[in-house]
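The values are calculated or read from the model by the stated rules, or taken from the named source; none is laboratory data. What you see is a predicted model; the values in this text were computed from it and never measured. Counting neighbours? That spans all protein chains shown, and the Cβs are built from the backbone with ideal geometry, glycine included.
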Amino acid sequence: MGEARRRRSVIFVDGSMPRSVADELKAIGKDAIAKIELFPDGTKDPVWLRKVGENGWLAITRDVNIRFRPGEKQAIIDHRVGCFIFTYKNSMKKSEIVELVLTHIEKMERAFATTRRPFIYTIATDGQLRKYV
């Protein structure tokens, strides 16, 4: 079990997602970190993306524009980040967002373990992973 535990992904939850996502991932035994636990409010994306990549963590975000902004996209590439962008509607309640993540986290972890980094997947409410980078 020690070896399996060491190889488990740490899941970094960006500030664009509800804090409760990280809390509920922890509640089901996942190694999750909310952005606010490591970085002050207003920390730019390239800063946390570098930390995520250097540590080999799985990143979850709601910031759909991260894949288009040159600085953020380049940080994902340079630091070999594995990033999952949720594309749900803004009208979703926090509890629905948490349920969405919990429903699909195993699929995301499998993709993270088997896909060469860097990568960006989008994930919609239907759970379909779509590779962007």
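Pull out all pairs, ordered by first then second residue, where Cβ-Cβ is under 6 Å, the residues are six or more apart or on different chains, the first lies in segment 84-99 and is within 17 Å of Thr122 (Cα to Cα), and the second is of a type in the set (Ser, Thr, Tyr) and surrounded by 11 or more Cβ atoms within 10 Å (Cβ to Cβ). Final answer for the pair search is Phe84/Tyr121; Ile85/Thr61; Ile85/Thr122; Thr87/Thr122; Tyr88/Thr125; Val98/Ser20. Mind checking which pairs have a first residue in segment 53-77 that is among the β-branched types (Val, Ile, Thr) and a second that is exposed (fewer than 13 other Cβ atoms within 10 Å of the Cβ), Cβ under 7 Å, 6 or more apart or different chains? Every condition considered, the pairs that remain are Val64/Thr87. Number of residues in segment 76-99 that are in contact with a strand residue (DSSP E or B) (Cβ under 7 Å, 6 or more places away or on another chain) and surrounded by 13 or more Cβ atoms within 10 Å (Cβ to Cβ): the value is 7. Is it the case, given these coordinates, that Thr103 is buried (at least 20 other Cβ atoms within 10 Å of the Cβ), among the polar types (S, T, N, Q) and either at pLDDT 95 or above or closer than 23 Å to Gly127 by Cα (or both)? Criteria not met by Thr103.
Scanning segment 38-50 for any residue that is closer than 24 Å to Arg116 by Cβ, in contact (Cβ under 8 Å) with a residue 12 or more places away in the chain and hydrophobic (A, V, I, L, M, F, W, C) turns up at least one such residue.
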